[in-house]
Amino acid sequence: AQSVTQLDSQVPVFEEAPVELRCNYSSSVSVYLFWYVQYPNQGLQLLLKYLSGSTLVKGINGFEAEFNKSQTSFHLRKPSVHISDTAEYFCAVSAYGGATNKLIFGTGTLLAVQP
Amino acid sequence: KAGVTQTPRYLIKTRGQQVTLSCSPISGHRSVSWYQQTPGQGLQFLFEYFSETQRNKGNFPGRFSGRQFSNSRSEMNVSTLELGDSALYLCASRGYVDTGELFFGEGSRLTVL
């Protein structure tokens with residue numbers, strides 16, 4: 001079984017500052033990794049995904065994440081945040097292969113960008 | 001290409017009633033998953049349907065059920081509603097490549113009074 005840990009429930013940051021949202025996962029098999037963003041009263045939107053290949057993954061809105069297999073981490077970063085980045089961010093994992101794999105989510109990190 | 005469509009967006013029910021939520025996946029997607037989102041429990045997997053068959057189920061009581069139709073549209077039903085069923089119910093569909101990537105609708109927000 002897989003599990004995801006997002007240690008920070010809330011991350012306050014000033015506009016134009018860099019930010020890192022942490023995600024660690026646990027799995028006995030190879031995994032696919034995802035970051036989703038949720039704006040108020042909306043569904044989840046895919047930010048980026050790691051399926052294979054380069055461990056540095058670039059996504060939408062200037063976000064990127066690095067897959068670190070030895071540390072079982074997939075931290076999300078942005079060099080300069082904007083007010084509009086205020087939202088809840090979810091890390092998720094699914095097992096490699098198989099037609100019945102499901103997405104397991106972390107508890108989310110609220111990114112609060114202040115002017 | 002239209003996204004995942006969920007109806008209704010908002011609804012209010014009282015304890016003991018039942019509710020049916022609807023989800024239309026992205027055209028061509030045959031898999032539909034349902035998640036419950038609450039402030040206390042976060043995102044919890046309810047079930048997944050593929051080609052009208054349930055192929056995965058989360059840890060929810062039997063009051064929660066679902067089905068999928070031949071056009072891939074899905075419904076979920078909650079019977080004998082409890083206050084704790086108040087939540088945002090999210091539907092998601094996936095394409096042919098089983099990487100686990102999901103495309104979400106905007107959700108149906110259920111309030112149980």
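No lab work stands behind these numbers, since they all come straight from the coordinates. Just so we're clear, the structure is a prediction, and the values are computed from it rather than from any experiment. For neighbour counting, all protein chains shown are included, and Cβ atoms are generated from backbone atoms with ideal geometry for every residue, glycine included.
For chain B, what is the relative contact order in percent, using Cα pairs closer than 8 Å and at least 6 residues apart in sequence? Don't skip to the answer; put the middle values down first.
Working: 286 pairs, mean separation 40.9, N = 113.
Value for chain B: 36 percent.
Note the per residue figure in Å³ for the convex hull of the C-alpha positions in chain A. Write out the running numbers ahead of the final one.
Details: hull volume 11.5 nm³, N = 115.
Hull volume over Cα atoms, normalised by residue count, gives 100 Å³.
Once you keep just the Cα pairs under 8 angstrom separated by 6 or more residues, what percentage relative contact order results for chain A?
Working: 285 pairs, mean separation 42.8, N = 115.
It rounds to 37 percent for chain A.
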- Message: Quick check: pseudo-label points 7 Å beyond the Cα along Cα→Cβ at residue A:84 and residue A:9, how many nm apart are they?
- Response: 3.0
- Note on the structure: A chain fully extended from residue A:16 to residue A:69 at 0.36 nm per residue, minus the present Cα-Cα distance, gains in nm 16.1 nm
- Query: To the nearest 0.05, what FRET efficiency results for residue A:77 and residue B:56 with a Förster distance of 30 Å applied to their C-beta separation?
  - Reply: 0.40
- Task: Take every DSSP beta bridge whose two residues both sit in chain A, then give the antiparallel share in percent to the nearest 5.
- Result: 85
